[in-house]
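Just so it is clear, none of the values below were taken in a lab; they were calculated from the coordinates. Just so it is clear, the model here is predicted, and its values are computed rather than measured. Ideal geometry is used to build each Cβ from the backbone, glycine not excepted, and the neighbour counts take in all protein chains shown.
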Amino acid sequence: MVVSFSPIPALAQPPAQPAPPTTASEALKQYQDLRNGRRHSFLEEEAFERIIDYFDDTEDIPQAIEAVELGIEQYPYSSALLIKKADLMIATRRYYEALAILEQAGPA
């Protein structure tokens, strides 16, 4: 008796997600793509933290604030991102905003 098998049809694969960025420059490139709407990009929370730190270290506070706000849009319950935003508000002397953000990040 000869047994034959029919070929298995290819399984539908979900669209490939971009690999998480491993370096600051890769994270910045993906952030710029996300910011400019060039493609549907995804950044992990840690990548947003590195990007915010980069802009803060280079004293580009407006870009750091923009990055933290975009990060909070994707990770609204991230205490790390909320604390970074509060820190940036303090750096720009927006103390009441910083206090409100810290209250939001603290225990309920």
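Listing for the model above:
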| quantity | calculated |
| --- | --- |
| For the range 24-105, Kirkwood radius (reciprocal of mean inverse C-alpha pair distance, Å) | 12.7 |
| Two-site FRET efficiency, residue 91 against residue 33, from Cβ-Cβ distance with R₀ of 22 Å, rounded to 0.05 | 0.25 |
| Local electrostatic count, residue 104, Cβ distance below 11 Å [Lys/Arg +1, Asp/Glu -1] | -1 |
| Full-extension gain in nm, residue 80 to residue 66, via 0.36 nm per residue minus C-alpha separation | 3.5 nm |
| Length added when fully stretched, residue 103-residue 73, from 0.36 nm per residue minus Cα-Cα | 9.0 nm |
| Summed residue charge, Cβ within 13 Å of residue 27's Cβ, Lys/Arg positive, Asp/Glu negative | -4 |
| Potential extension, residue 25-residue 45 segment - 0.36 nm per residue separation minus Cα distance | 5.6 nm |
